[in-house]
Amino acid sequence: MKIGITCYPTYGGSGVVATELGMELAARGHEIHFIAYAMPTRLNLSNDHIFFHEVEVTTYPLFDHPPYTLALAVKMVEVAESASLDLLHVHYAIPHSVSALLARSMMAPRRLPFITTLHGTDITLVGSDRSYLPVTRFSIEQSDGVTAISNYLREETIREFDIHRPIEVIRNFVNCDLYCRPKDQRRRSEWAPNGEPILMHLSNFRPVKRVSDAVEIFALVREKMSAKLVLIGDGPDHGAVEHLVRQKKLGCDVFFLGKQGRVQDLLGLADLFLLPSDLESFGLAALEAMACEVPVIATNVGGVPEVVTHGVDGYLVAPRDVAAAAKYAIQILSRADRGREMGQQARIDARKKFCSNDVIPLYEAYYRKVLENSAAASA
């Protein structure tokens with residue numbers, strides 16, 4: 001198949017999933033065309049089946065904000081015609097599904113089907129805003145196919161938008177061959193020269209991720225034992241988190257790594273992963289850590305309980321309950337094996353339900369179903 005994929009190229013879950021999906025599909029022989037305003041963070045163009053098409057947005061004094069939605073729709077049509085795309089797959093409803101709907105209309109009488117994958121904040125924050133709710137609902141209803149990354153998000157979409165159409169749940173995934181615990185653990189000494197346990201967090205540092213809570217949890221852990229905290233990512237809360245680290249006099253024990261392209265090389269160096277978000281529709285970073293044999297302490301919100309099983313491969317706490325999270329962290333890190341047994345169980349659970357080898361065929365089957373339905377509708 002020839003598939004056009006649009007996502008936000010920034011450091012976030014929806015863009016990561018879309019990029020990994022495209023690369024996995026290309027590895028299976030499909031021709032994948034990424035269409036976005038910048039190259040996605042994790043995109044690797046070494047595969048001959050992967051192409052990137054930049055959306056150029058013209059600035060004009062009349063516009064306070066460049067009309068990206070329109071420029072994206074035009075680029076979708078250009079790529080669809082030049083590459084003979086079979087379908088478009090857009091990730092994150094606003095504005096990508098609107099652009100795809102416009103592109104499909106412009107392609108008439110040929111029908112260019114498009115699939116919308118809902119990732120979370122496009123429904124729980126942006127889409128539910130009264131300014132966007134009607135157009136978000138309309139674009140979802142008009143999509144040829146709709147998928148959600150968790151049962152939680154599917155039910156939330158139906159409830160919030162009063163949707164009366166099927167929504168397929170295809171969960172996020174991880175390449176279990178790439179995401180694994182490295183045998184060579186010597187790099188740990190860069191952060192923990194005396195063998196201290198390492199706690200880790202990965203996110204886009206948005207307020208909903210509560211990176212400050214990760215620091216608060218770590219501060220409570222440090223009161224009981226020597227430890228180090230590694231923070232991966234960047235975003236609007238970076239400055240506030242740095243200030244909190246200085247305020248708590250933890251500067252020698254906290255490491256800011258910024259955005260990293262190959263997080264699979266880092267996650268397996270941790271003893272414990274923290275995901276203290278106010279809301280997660282899935283919790284991709286937690287899954288990536290689990291695949292690397294790292295137990296997770298996360299908040300019991302959204303789709304996270306579909307990924308982390310409390311007391312088995314990690315622990316779940318109420319949002320902002322840093323005391324409970326710290327208690328579980330100390331409990332794990334105080335064990336003789338520093339939670340290695342729980343980490344090994346985490347990888348078993350990740351492989352059982354979320355490996356790309358099992359999830360990608362679900363997308364392929366869904367593509368074929370949408371194409372068949374679209375052909376029948378055209379006929």
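List of remarks:
- In the set (1) outside any strand (DSSP E or B); (2) closer than 30 Å to T147 by Cβ; (3) in the same structural domain as K259 (by TED's automatic domain parsing), H201 fails one condition alone, (1).
- Residue check, L85 touching a residue at least 40 places away in the same chain (Cβ under 8 Å), out of contact with any Phe, Trp or Tyr (no Cβ under 9 Å at 6 or more places or on another chain) and closer than 30 Å to S378 by Cβ: yes
- Per this entry, V79 is not counted among residues that are surrounded by 13 or more Cβ atoms within 10 Å (Cβ to Cβ) and more than 26 Å from the chain's Cα centre (by Cα).
- The stretch 1-19, subset over 11 Å from the mean Cα position of the chain (by Cα) and of a type in the set (V, I, T), residue nearest to K259 (Cα to Cα): T6
- Check on L102, in contact with a Leu (Cβ under 8 Å, 6 or more places away or on another chain), in a helix (DSSP H, G or I), at pLDDT 90 or above and closer than 16 Å to G303 by Cβ: no
- One residue stands out in the stretch 194-251 among those that are of a type in the set (S, T, Y) and under 28 Å from the mean Cα position of the chain (by Cα): the one that is farthest from A329 (Cα to Cα), namely S203.
- Whichever residue in the stretch 289-320 is among the hydroxyl-bearing types (S, T, Y) and crowded, with 21+ Cβ neighbours inside 10 Å and, among such residues, is nearest to V211 (Cα to Cα): T299
- Complete set of residues in the stretch 28-44 that are within 20 Å of the chain's Cα centre (by Cα) and of a type outside the set (S, T, N, Q): I32, H33, F34, I35, A36, Y37, A38, M39, P40, R42, L43
- Filter result for the condition that a residue is in contact with a strand residue (DSSP E or B) (Cβ under 7 Å, 6 or more places away or on another chain), modelled with pLDDT of 95 or more and within 30 Å of I115 (Cα to Cα), over E364, E288: E288
- Residue in the stretch 123-141 that is within 15 Å of S374 (Cα to Cα) and of a type in the set (S, T, N, Q) present: no
- Criterion violated by Y315 - all others in (1) aromatic (F, W, Y); (2) farther than 20 Å from T116 by Cα; (3) part of a helix (DSSP H, G or I) satisfied: (3)
- Flag if K224 is buried (at least 24 other Cβ atoms within 10 Å of the Cβ) and either modelled with pLDDT under 95 or charged (D, E, K, R) (or both): no
- Filter result (aliphatic (A, V, I, L, M) and farther than 30 Å from A375 by Cα) within the stretch 144-193: V174, L178, A192
- Filter pass, A350 being surrounded by 19 or more Cβ atoms within 10 Å (Cβ to Cβ), in contact with a Cys (Cβ under 8 Å, 6 or more places away or on another chain) and either of a type in the set (K, R) or in a helix (DSSP H, G or I) (or both): yes
- Residues satisfying the stated conditions in the stretch 235-257, i.e. at pLDDT 95 or above and more than 20 Å from P197 (Cα to Cα): P236, D237, H238, G239, A240, V241, E242, H243, L244, R246, Q247
- Search result, residues across the stretch 102-119 that are buried (at least 22 other Cβ atoms within 10 Å of the Cβ), within 22 Å of S378 (Cβ to Cβ) and in contact with a helix residue (DSSP H, G or I) (Cβ under 7 Å, 6 or more places away or on another chain): A103, L112, P113, F114, I115, T116
- Residues located in the stretch 236-268, provided they are assigned to a loop (DSSP other than H, G, I, E, B) and surrounded by fewer than 18 Cβ atoms within 10 Å (Cβ to Cβ): P236, K248, K249, L250, G251, C252, K259, Q260, G261, R262
- Out of R171, R137, one residue alone is on the phi < 0 side of the Ramachandran plot, buried (at least 17 other Cβ atoms within 10 Å of the Cβ) and in a helix (DSSP H, G or I). It is R137.
- Filter pass, S281 being surrounded by 21 or more Cβ atoms within 10 Å (Cβ to Cβ) and within 30 Å of R104 (Cα to Cα): yes
- For first residues located in the stretch 354-379 and surrounded by 12 or more Cβ atoms within 10 Å (Cβ to Cβ), partners that are part of a helix (DSSP H, G or I) and not hydroxyl-bearing (S, T, Y) and lie 6+ apart or on another chain with Cβ distances below 6 Å form the pairs F354/L287; S356/E24; I360/E24.
The values are calculated or read from the model by the stated rules, or taken from the named source; none is laboratory data. All of these numbers come straight from a predicted model, not from anything done at the bench. Because the Cβ atoms are built from the backbone with ideal geometry, glycine has one as well, and the counts that use them run over all protein chains shown.
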